[in-house]
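Heads up: the structure comes next, in structure tokens.
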Amino acid sequence: MLKIMSRRRPQQTFCDGVSRRNFIKVGGLSLGGLSLDQLLRLEAQAGVRRSHKSVIMIYCCGGPPHQDMYDIKTEAPREIRGEFSPIETNVPGIQISEKLPLMAGTMDKLVAIRSLVGARDSHYSYQCMTGHHNSGAPAGGWPHFGSAASHFQGPVKAGVPPFVSLCYTTQHRPYNEPTAGFLGLGHSSFRPTGPSREDMVLQGVTSDRLADRKHLLTSFDTFRRAWDRSGKMEGMDVFSERAMGILTSSELFDALDISKEDERTRKRYGHDNEKQPKGDGAPRAPQNFLVARRLVEAGVRVVTINYSFWDWHGGNFSNAKQEFPVFEKAVTALVEDLHERGLDKDVTVVAWGEFGRTPKINKNAGRDHWPRVSSALLAGGGMRTGQVLGSTDRLGGEAADRPVSFQEVFATLYHNLGVNLDSQRLFDFRGRPQYLVEPGVRPIKELV
């Protein structure tokens with residue numbers, strides 16, 4: 001295995017030999033009246049030392065039970081309320097499930113949406129990943145949220161892709177992520193799980209030989225590109241350039257290597273069997289939350305995780321007692337970690353599923369599909385946290401106050417990323433104009 005180490009950049013100096021750092025110190029005192037904060041603002045406008053915004057999206061395959069997590073119905077009959085009682089959180093006036101004590105202690109850093117509406121009764125990740133339903137999709141399909149971030153913003157660093165998927169391939173295919181849609185192949189996710197991880201390093205190939213092969217491939221593709229009418233070759237150009245950057249940099253591979261974290265940090269996130277899927281969904285892999293944090297630190301803009309299996313038509317409460325402790329430990333570890341590392345203003349976390357669960361508990365002690373209202377959990381992104389959005393009726397079956405749409409959540413995520421959806425016109429494969437967020441839909445005003 002060949003590791004190519006990046007060369008250390010020399011300290012920036014000006015023509016008189018004064019270093020850039022000392023120049024700023026001097027300038028803050030006497031350079032034309034410019035203060036340090038003005039210089040830093042000019043740097044930001046020029047792209048120097050620019051930080052990047054990121055989103056970590058956690059998709060809970062199958063639809064979590066909102067009325068057993070963030071919306072306990074104390075006044076409902078027992079066949080609706082269920083077994084769990086509410087507990088106070090560290091935010092006065094907000095209660096959540098007694099089975100989520102770690103989240104209760106971190107509520108000041110979280111936002112629970114209790115009135116998410118607009119879902120459909122379908123076990124698929126499509127709406128959580130694109131903001132749209134798949135029926136009536138434009139030619140090419142709606143693009144994944146991460147693909148849109150890739151299209152509008154591109155990579156932060158040459159060797160780090162803008163969109164990384166940590167999602168496992170699930171037995172139930174609709175749980176799997178949608179594609180880049182009409183944005184094209186070049187904005188597909190990079191998936192380091194499985195056999196492709198071995199392709200991330202150069203094995204027996206020097207950097208010079210790799211450059212020669214790239215030149216040969218470019219020459220070979222010239223004719224095909226000239227005659228291509230579909231736009232696919234252009235997408236492959238982007239994809240190939242990013243693949244080359246990954247191969248010639250160790251940053252992404254290092255970010256994926258959680259053995260570089262101390263054992264105390266790894267234990268903080270929790271452990272489970274990442275090789276064993278739950279039901280027909282994904283494995284319960286809390287360590288992926290730690291990998292996601294390392295990836296955004298390395299420069300990834302969007303990281304997606306599919307997590308476990310939440311379709312509890314039977315044994316809702318026995319399943320919850322097993323799932324909730326592992327899930328909340330990983331979520332709270334991630335959120336607290338982001339705050340401790342000063343990333344809470346730059347990284348947004350969203351955790352949700354495709355719909356909610358029925359208010360009434362069925363004969364198998366389970367809850368069935370309920371698309372009329374569901375929940376979501378948000379954190380970070382510089383948002384105003386420590387609050388609950390919306391409410392449901394006494395039975396937890398309808399949004400009673402402040403319904404929040406999936407599109408509003410996506411408008412908020414794009415806003416937090418710094419993506420201006422109006423900066424470019426987007427067209428599907430038939431040349432028709434499309435909008436990733438419907439005109440008129442704005443970010444959630446209570447949060448931004």
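Bear in mind these aren't lab numbers, they're just calculated from the coordinates by the rules spelled out. Note that the structure is predicted; figures quoted are calculated from it, not measured. Ideal geometry is used to build each Cβ from the backbone, glycine not excepted, and the neighbour counts take in all protein chains shown.
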Rank-order 176-183, 125-132 by packing density, defined as the average count of other C-beta atoms within 10 Å over each peptide's residues, highest first. 125-132, 176-183
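Measure up LYS99/LYS360; LYS278/LYS363; LYS267/LYS445; LYS53/LYS73 against 29 Å on the Cα-Cα distance and list the ones that go over.
With Cα atoms farther than 29 Å apart: LYS267/LYS445; LYS53/LYS73.
Among 399-408, 304-313, 428-437, what's the highest-first ranking by average C-beta atoms within 10 angstrom per residue?
Output ranking for 399-408, 304-313, 428-437: 304-313, 399-408, 428-437.
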Cβ neighbours within 10 Å, averaged per peptide: list 108-121, 76-89 in order, most packed at the top. 108-121, 76-89
Quick note, the stretch 334-448: a/c under 1.5 would make it rounded; otherwise a/b > b/c is prolate and the rest oblate (a ≥ b ≥ c, C-alpha gyration tensor); here it is oblate
